[in-house]
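The values are calculated or read from the model by the stated rules, or taken from the named source; none is laboratory data. Worth saying up front: this structure is predicted, and the values here are computed from it rather than measured. Reconstructed Cβ throughout: ideal geometry from the backbone, glycine too, with neighbour counts over all protein chains shown. Remember, those area values only see protein heavy atoms, side chains included, never the ligands or the DNA or RNA. Shrake-Rupley method; radii C 1.70, N 1.55, O 1.52, S 1.80 Å.
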Amino acid sequence: MKITPRVFSGMQPTGSLHLGNYLGAMVNWIRMQDTHECIYCVVDLHAITVWQDPVELRDATRQVTAAYIAAGLDPAKSILFNQSQVSAHAELGWIFNCVARLGWLNRMTQFKEKAGKDREQASVGLYAYPNLMAADILAYRATHVPVGDDQKQHLELARDIAQKFNNDFRDRIVAEGFADGIFFPQPEPVITGPATRVMSLRDGTKKMSKSDPSDLSRINLTDDADTIAKKIQKAKTDPEPIPAEAEGFKGRPEAENLVGIYAALADEPVAKVLAAFGGQQFSGFKKALAEVATDKVGRIGDETRRLMQDPAEIDRILAGGAGRARAIAAPVMEKVKDIVGLIRS
Ligand code: TYM
């Protein structure tokens with residue numbers, strides 16, 4: 001049971017995906033399909049850490065799966081499935097609840113943001129969320145995790161959990177035949193590209209997010225071409241022209257964000273975009289940005305809608321992916337049980 005390079009990542013089926021999800025994470029997911037064994041999950045168990053309407057959750061899970069495929073993930077190449085179909089996630093999540101320390105979870109900024117002032121009313125699941133995320137990755141002993149910048153802290157926690165598990169059970173791990181005492185790898189975050197943190201179109205200091213009450217703050221992967229163009233037209237900017245060099249972004253988060261988005265969508269370095277548009281007003285740049293955005297995102301939206309016309313086919317894809325995922329995770333879980341001292345038949 002050697003550790004081999006393997007990619008794992010996931011997205012929550014809460015509302016429709018947006019440009020931040022696509023540029024921050026999915027672009028790298030698509031790229032890594034050609035070089036790695038990849039497992040991409042729709043993390044429905046994570047979604048229910050806050051209330052989800054059951055009918056909408058099912059629909060959103062299919063919708064996110066359709067968006068994955070529409071954006072370029074190939075279910076024949078990569079494993080695509082929804083988390084709750086593979087019980088190893090929840091089982092290993094429980095074991096990690098017993099490995100991770102309260103002090104570690106208390107430092108998680110995402111919990112603080114999501115729970116807000118009324119922490120007493122947050123679900124226990126929301127608090128333990130990062131342990132389940134570590135389980136998602138480590139149930140496959142995955143080595144690479146392509147995500148946006150906001151997931152960095154959760155990934156550091158996953159690394160800490162892997163290390164503590166290896167330390168706590170070192171003797172048992174060696175006895176099970178892992179001579180170097182390493183059962184779980186240290187998963188590497190893959191956070192690269194010009195848009196690892198896409199900001200709101202209305203406020204360049206806030207992350208683009210599904211939970212922002214203003215729909216104008218984000219471009220959804222389901223938006224049609226007119227809506228995308230309108231949102232870009234209305235995006236906040238400042239009165240200065242586009243800078244010619246990256247130093248000119250200082251104190252101009254909206255300008256930096258829009259140029260970063262263009263660079264990521266056009267697959268060009270930021271320097272090249274600045275060389276082309278430096279000194280120009282935003283009005284012209286926004287037209288060019290709307291063009292690349294409607295071309296890329298508009299196509300994903302159209303294809304998602306087409307795929308959503310056959311929900312049974314999406315369910316078949318998820319079931320097939322879950323079967324393949326289970327085949328990898330089940331032997332890992334058996335070893336974990338042997339290492340921890342749990343009797344199995
Ligand atoms: P989620 O569903 O919030 O986001 C999915 C992915 O999109 C990235 N992302 C962004 N990237 C750049 N700019 C933004 N504005 C932006 N907003 C979101 C996120 O970084 C993420 O990569 N906890 C995870 C889901 C998860 C997971 C995992 C990820 C569960 N288990 C195991 C990796 C491995 C989450 O809530 O992502």
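Quick look at the values:
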{"item": "Among residues of region 30-50, those that are within 16 Å of Val297 (Cα to Cα) and within 12 Å of the ligand (Cβ to nearest atom), counted", "result": "0"}
{"item": "Meets criteria (of a type in the set (S, T, N, Q), in a strand (DSSP E or B) and either within 13 Å of the ligand (Cβ to nearest atom) or modelled with pLDDT of 95 or more (or both)) for Ser9", "result": "yes"}
{"item": "Region 108-142, residues that are open to solvent by 30 Å² or more (accessible area, probe 1.4 Å), in contact (Cβ under 8 Å) with a residue 24 or more places away in the chain and part of a loop (DSSP other than H, G, I, E, B)", "result": "Ser123"}
{"item": "Any hit, region 320-340, residues being open to solvent by less than 20 Å² (accessible area, probe 1.4 Å) and more than 30 Å from Asn167 (Cα to Cα)", "result": "yes"}
{"item": "Qualifying residue in region 85-97 (condition: of a type in the set (Val, Ile, Thr), under 30 Å from Asp338 (Cβ atoms) and more than 15 Å from the ligand (Cβ to nearest atom))", "result": "yes"}
{"item": "Unique match (being within 16 Å of the ligand (Cβ to nearest atom), more than 15 Å from Leu23 (Cβ to Cβ) and aliphatic (A, V, I, L, M)) among Leu221, Leu265, Leu258, Leu216", "result": "Leu216"}
{"item": "Filtered residue count, region 149-194, keeping only those that are within 12 Å of the ligand (Cβ to nearest atom), open to solvent by less than 10 Å² (accessible area, probe 1.4 Å) and part of a loop (DSSP other than H, G, I, E, B)", "result": "1"}
{"item": "Any pair with Cβ under 9 angstrom, 6 or more apart, that starts in region 76-91 at a residue that is open to solvent by 10 Å² or more (accessible area, probe 1.4 Å) and ends at one that is at pLDDT below 95 and part of a strand (DSSP E or B)", "result": "none"}
